[in-house]
Each structure stands twice: as structure tokens, then as C-alpha cells.
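Have a look at the structure below before the remarks.
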Amino acid sequence: MASTAPIGVFDSGLGGISVARQIMKDMPHERVLYFGDSANAPYGTRPPEQVRELSFAIVERFVRQGVKAVVIACNTATSAAVNELRDHYDIPIIGMEPALKVACDRGDRPDGTHVPQRVIVAATPLTLREHKFAALMDRFKADNVISPEPCPGLVEIVEHGRLSDRDLVMRTLHGYFDQYDLHAIDAVVLGCTHFVFYREYFRDLLPSTAAIIDGNEGTVRHLGVVLESLGKLAPEAASGSIELDNSSSEPRIDALAHALLAA
Ligand code: DGL
């Protein structure tokens, strides 16, 4: 595959646009083909076998379009399908997982000691139930206090185009997070790409001492490293572009996708 070939980026719907946006910012010479599966969203409340099947269909379509790499801009689809996709395809498949390491590493001190971090991981029910997350928890739970919090309602608000309905959003956030003593929290990890669009709302919900962490920059950095190691970064003379595609033909989805890309 030529270095000028596009990168396929997909999500269950519109959340992965937060990742596509980051690619365009950090890798401005790349061509991105984005596919949102809004007709089948949310993935996070589906059984993993279904999410795997849907993910394979999307990657198959990308491969036919000649992509040089795929970014699974969805923590949920990564949990359900990344290993199988990597076994099956020989192009790089970049996955995502909640950035728990970044949150916990904030407790590391220069003298080698660690201050236990109190971290909430907001993600979909599927992500938090799968083995991948259990393995991640195992790495950090002995030295930190980690609370996984499934927030499926936050996916629906984005897909329904209601992200600017502040009352609805704040009510929904309070419904999930009022059970915590938020003043005692060191960080909230946004472990779902849809949640990245809520950053300002989380800022209003949380005390200023709590960090809000997502995995988008890290994922894009990793994509860059992988492409560079294969000599597949787009040439600097190339001008980047993005095409937005979606399994839903509803015009409101297309309008929403463009609005989120520009947000
Ligand atoms: N955006 C997705 C994620 O990163 C999944 C949302 C969903 O469809 O439930 O997990």
C-alpha cells in the first residue's frame, strides 16, 4: 500500500469524529476515510459477537477502498474485535483503550514513590465488562482506587444530536456521578470517544483539581509512530483531507457529523 493511501477510521457512530479531528490536526498531510455506524449505534450495549461482526464488515469495506491502516476510533469495538481483526488483516490496526495509565501515572513522584490516584473510568458497559479492561485494571488497581462507571446515556445524547442541550447533559452527568465524592477524585478518564465531546461539561461538573483525560492524542501519536516505522507516512507535499461516511442515510446524521468535525 502506498504512503499516499488513506487511513480508515471508524466508530459505532459519531464519537470517532473526535479522533478523526485529532488526526487532521496532528497529521495534516493524511487522507482520512471516516465511517460511522450510526444505524447500528450504540455498540456499547450489544453483545461482543455482534460488535465483532459489525467491525469486520467495516474493515472489509476499508480494505476494498485500499486503506494503508485502520484506526478503531472506538474503545468498545477495540475491546470486542481488535485481536481478531489483527489476526485477519495484514495492515496496521490501531485500537483504543481507556487512558487509565495516563491517569494513574500522575501519582508517580520524582523520588520513585507513588501517590494513589482516585480515578473514575467513564466508558460503555461493553468496554468495562470485557477482558481487555480487566487486564488494564489488574495493572493499576493495587496502587490506585479505580471506579469504572458505565455511561451509555452519553452516547445516545450525541447520536440524537442533543449535545447542546445543557440541561439534559448536566442532568445525565449528575445521574451518573453524584454518587461520588467528586472533590476526592484525581481524574476522570473519558474511555469512550463520544465522551470527548463532553469535555467542557465535565469541566463544569468536576472541581478544578480533577484532571479530565482522554486517549485521542496518544492514539494519534501511536498511529504516527506505526506509519513512520513502515515508511507509510503521507509525504509532506500532500494535502490532507477527510471524507465522512455513515451507515445511516438520515440527513441529520451527516449534518451532525460535519458539525462535530468543526467543533
Ligand atoms: N464511541 C464508542 C467508544 O469509544 C462506543 C459508543 C457506543 O456505541 O456505545 O467506546
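Since every read-out is calculated from the coordinates, none of them should be taken as a lab result. Nothing here was measured: the structure is a model prediction, and the numbers come from that model. Here the Cβ is made from the backbone with ideal geometry for all residues, glycine too, and neighbour counts use every protein chain on show.
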With charges set only on the Cβ (+1 for Lys and Arg, -1 for Asp and Glu), what does the dipole of the range 6-154 come to about its Cα centre, in debye to the nearest 20?
240
DSSP beta bridge pairing in the chain, given as percent antiparallel to the nearest 5:
5
What are the semi-axes of the equivalent ellipsoid of the chain, taken as the square roots of 5 times the eigenvalues of the Cα gyration tensor, listed largest first and rounded to whole Å?
29, 22, 18
Coordinate range along principal axes, alpha carbons of the range 170-263, Å, largest first
50, 37, 19
What does the C-alpha gyration tensor say about the overall shape of the range 43-167? Classify as rounded when a/c is under 1.5, otherwise prolate if a/b is larger than b/c, or oblate.
oblate
By the C-alpha gyration tensor axes a ≥ b ≥ c (rounded if a/c is under 1.5, else prolate when a/b exceeds b/c, else oblate), the shape of the range 147-218 is oblate
CD proxy at 222 nm, helix term only [per DSSP H run n ≥ 4: -39500 (n - 2.57); per residue of the chain; nearest 500]
-13000 deg cm²/dmol
How many angstrom lie between the Cα centre of the range 192-263 and the Cα centre of the range 85-137?
18
Computed over the range 98-154, Cα set: Rg, Dmax in Å
12.2, 42
When the range 198-237 is reduced to its Cα atoms, the Kirkwood hydrodynamic radius in Å:
12.7
Which whole-angstrom value gives the distance between the alpha carbon centres of the range 150-167 and the range 59-76?
26
